[in-house]
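Colleague: Have a look at this one before I ask anything.
The values are calculated or read from the model by the stated rules, or taken from the named source; none is laboratory data. Note that the structure is a prediction, hence the values are computed from the model and not measured. Here the Cβ is made from the backbone with ideal geometry for all residues, glycine too, and neighbour counts use every protein chain on show. Heads up: the accessible areas ignore ligands, DNA and RNA and are worked out on the full protein's heavy atoms, side chains in. Shrake-Rupley method; radii C 1.70, N 1.55, O 1.52, S 1.80 Å.
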Amino acid sequence: MSTVSSIPPKSPMPTREHVRALLRLGVPLIGGHVAQFAIGLTDTIMLGRYSVDALAAVVLGSTFFFVLFILGSGFAIAVMPLVAEADAEGDETALRRVTRMGLWLSLIFGVVVQPLFLLSGGVLQAVLLQEADVSELAQAYLRIAGFGLVPALLVMVLKSYLAALEHTRVVFWVTVAAVPVNALVNYGLIFGNFGLPEMGVRGAAIASIMVQFVSLFGVVIYALRALPQHALFARIWRPDWDVFAQVFKLGLPIGLTNLAEVGLFAASATMMGWLGKIPLAAHGIALQLASLAFMVHLGLSNAATVRVGNAMGRKDADHMARGAIVAIVMSFGMACVTVILFLLFPEYLLGLFIDADETERDAILAIGVSLLYVAALFQVVDGAQVMALGLLRGVQDTRGPMVIAAISYWLLGVSCAYVLGFKLELGGVGIWLGLVLGLTAAAIMLMYRFWRTDLSRLREKFAQNAKS
């Protein structure tokens, strides 16, 4: 158990201490997210050099997989603030019960959605109106990769548990260890190297499954050895229905919020697919670059969730507010750096993903550059909205953000993307401008909710508790 986080501060923590604490938590989490991104990046680069068809298929397939993963990961993310609060209160029993039921819910979800992977080709064609050949290739990928969903969700739960207890370095190193495994298996099975069969997208799917199981093995071993006092897996088969309900009620809105956000980008990928393979490939590459920048904000957001959760356990609203300001300022600074890179070096960045001999290289670059210019527009608001979500999850406010996400991402974002892209005939740029509008609306409303609603409510609540 983290001894530092469970001791109430005697005086306000200086800003520099907030910065240090956030970096101590956030840097390994950022590194872990970047390493996870590197796994997807490896797939994109290798498949982009294999064929445009393979790249387009896995862009669709990965989006399909990620939508289900992000919905199920709500239960894992719910574990983080609950464990952080229990740790601050010194309640080892509560943090163990929360983590176990997070594992239960993730396993149940992963099993229930398996049929969707088997039927994915029909969904992509009939529902999402994708081209038949790309849909069939995406289904071939998903029918294999889908078996990695359960271990991926279990890894997510254990990473949340460890991060909440400030064991963030292991989160980083476990993910880093998976990167070379993915690269080597990809190189062998996609192209048929090392005497292995050439399997294209199927090889990429097998590699992803191996990565998930390697990661699961790593976090389980660490949890058993580093935190034996929690006896995390002892009698794990025994239900704890009260905590099960608690994690479910907190986690389901988180999953649906994540689904709304990811659904915005999934809808954009679907609409780009309507424009053809080349726009879809350009979208996939530009989105990879935007996602890499997003990993920094996501890591800081996770760290903010832990810090706010600990402040909840200590009932210290001032500490919570100061930490939140530091996190937001750091996120804003990183967003400005990304904007500069996207505006100054778009062709170079995009060219890293496309083989020099690819016949469609110039066409993909032409579309990708315009998309990257638009991506520069939403860096600040994208960081702000994910930071606000992290702060809100730290105070265990998830239902309101779910409604805000649905309105911002779908009612506004997707609608505007469709109108700008097709009705006003702006194509891919119009679709991405819809993303900007949705993310901006979310950032404004979510930040307002944390500062004007939740923080004010908690100040009053903690003051009343102190008086009584």
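Colleague: So if each residue of separation counts as 0.36 nm, and I subtract the Cα-Cα distance between THR93 and ILE444, what length gain in nm does that give?
Modeller: Residue separation times 0.36 nm, minus the Cα-Cα distance, leaves 122.6 nm.
Colleague: Shifting gears a bit: Going 7 Å from the Cα of SER415 toward and past its Cβ, which residues in the range 247-289 have a backbone nitrogen under 18 Å from where you end up?
Modeller: Only 260-261, 263-265, 267-268 pass the distance filter.
Colleague: If you don't mind, another one. Roughly what would the spin-label model give for PHE217 and ALA245, points 7 Å off Cα along C-beta, in nm?
Modeller: The two pseudo-label positions are separated by 4.0 nm.
Colleague: State the extension gain, in nm to one decimal, for the chain segment bounded by GLU425 and ARG169, taking 0.36 nm per residue of separation less the distance between their alpha-carbons.
Modeller: Extending this stretch completely gives an extra 87.4 nm.
Colleague: Tell me, rounded to the nearest percent, the portion of alpha carbon pairs in the range 21-77 spaced more than 19 Å apart.
Modeller: So the portion of pairs separated by more than 19 Å is 47 percent.
Colleague: What percentage of the solvent-accessible surface of the range 34-184, computed with a 1.4 Å probe over protein heavy atoms, is contributed by carbon and sulfur atoms?
Modeller: Whole-percent figure for carbon plus sulfur exposure: 70.
Colleague: With no solvent and one equal point scatterer placed on each C-alpha of the chain, evaluate the Debye formula and give log10 I(q)/I(0) for q = 0.06, 0.07 Å⁻¹, two decimals.
Modeller: These q points yield log10 I(q)/I(0) values of -0.25, -0.34.
Colleague: Measure nothing but the geometry: give the 0 to 90° angle between the long axis through the Cα atoms of 361-377 and the longest principal axis through the Cα atoms of the chain, rounded to 10°.
Modeller: It works out to around 30 degrees.
Colleague: Which of the peptides 253-260, 37-44 is most tightly packed, and how do the rest follow, going by the mean number of other Cβ atoms within 10 Å of each residue?
Modeller: Ranked by mean Cβ neighbours within 10 Å, highest first: 253-260, 37-44.
Colleague: Taking Cα atoms, how many degrees apart are the long axis of helix 168-191 and the longest axis of the chain, rounded to 10 and kept between 0 and 90?
Modeller: Roughly 20 degrees between the two axes.
Colleague: What nm distance separates the two modelled labels at SER456 and LEU118, each placed 7 Å from Cα along Cα→Cβ?
Modeller: With each label point 7 Å from Cα toward Cβ, the separation is 5.3 nm.
Colleague: Could you point to the residue in PHE194, GLY26, LEU411 farthest towards the positive end of the chain's charge dipole, with +1 and -1 charges on the Cβ of Lys/Arg and Asp/Glu respectively?
Modeller: Of the candidates, GLY26 comes out farthest on the positive side.
Colleague: Here's something else I'd like to know. Calculate for the chain the 222 nm mean residue ellipticity that helices alone would give, adding -39,500 (n - 2.57) per DSSP H run of length 4 or more and normalising by residue count, nearest 500 deg cm²/dmol.
Modeller: Value at 222 nm, helices only: -27000 deg cm²/dmol.
Colleague: Moving to a separate point now. Once the piece of chain linking ARG238 and GLU347 is laid out straight, how much longer is it, given 0.36 nm per residue of separation minus the C-alpha distance between them?
Modeller: Going from the current span to full extension adds 33.7 nm.
Colleague: Assuming R0 = 22 Å, what is the FRET efficiency of ASP133 and THR359, from their Cβ-Cβ distance, to the nearest 0.05?
Modeller: 0.80
Colleague: Cross-link partners among aspartates and glutamates for LYS467, C-alpha distance below 15 Å, same-chain residues fewer than 8 apart left out?
Modeller: LYS467 reaches ASP316.
Colleague: Let me ask you something else. Might you tell me the accessible area per residue for the chain, computed with a 1.4 Å probe and given in Å²?
Modeller: Result: 41 Å² per residue.
Colleague: Mind pulling the angle between the C-alpha long axis of helix 317-344 and the longest principal axis of the chain? Nearest 10 degrees, somewhere in 0 to 90.
Modeller: In the chain, helix 317-344 runs at an angle near 20 degrees to the longest axis.
Colleague: Rounded to whole Å, give me the distance from the Cα center of the range 353-431 to that of the range 256-294.
Modeller: 7
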